[in-house]
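Enquirer: I'd like to ask you about the structure that follows.
None of the figures in this text is laboratory data; all of them are computed from the coordinates on show. Everything numeric in this text was worked out from a predicted model, so none of it was measured. A quick note on method: Cβ atoms are made from the backbone with ideal geometry, for glycine too, and the neighbour counts reach across all protein chains shown.
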């Protein structure tokens, strides 16, 4: 099965942000499109990008983490792994937008000094949605940029691989 690696930026981010540039050095075939608009417009774009293809590993930052989480819950079997960086899970009301739990393995990194996304509320929502969860509280603020180098990406995502002909999402 083809593996697809997708980065989903945050609300004010872009496909040219620090995290994307960092990850592209390790994974040149990383997909990182821009996601404009409000949350639901961005989700429609995510559905367009991912199509019906299985085998996704999604890395989401802030709002992008919330998008990846919602997508994994709504599309069982399509996402193999989630890596969520300070995901904005605290801002979804599961009573208003009910989501089924997902058995997708999820790894979250969240800063103790995060001034944008509340840590404990994020943990509560993550525990409700992802029974297969690793939640790492780190000494960082919301952007987590200084942490990128400290994460063992090959262990988390698999060894970097060269792009292969015809290996397109």
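Enquirer: Based on other C-beta atoms within 10 Å, arrange 34, 149 from fewest to most. Display every interim value, and only then the final one.
Expert: Values: 34 12, 149 8.
The fewest-first ordering by Cβ neighbours comes to 149, 34.
Enquirer: Could I ask something else about it? Exposure proxy check: 42, 123 ranked by fewest other beta carbons within 10 Å?
Expert: Fewest-to-most Cβ neighbours within 10 Å comes out as 123, 42.
Enquirer: Still on this structure, please answer the following. Neighbour counts of other C-beta atoms within 10 Å: give me 56, 153, 40 arranged from fewest to most.
Expert: Going from sparsest to densest Cβ surroundings: 40, 153, 56.
Enquirer: Just the ratio, please: alpha-carbon radius of gyration of segment 4-157 over 2.2 N^0.38 Å, N its number of residues.
Expert: After normalising by residue count via 2.2 N^0.38 Å, the value is 0.93.
Enquirer: Continuing with this model, one more query. Please report the relative contact order for segment 4-157, taking Cα pairs under 8 Å with a sequence separation of at least 6, and give it as a percent rounded to a whole number.
Expert: 20
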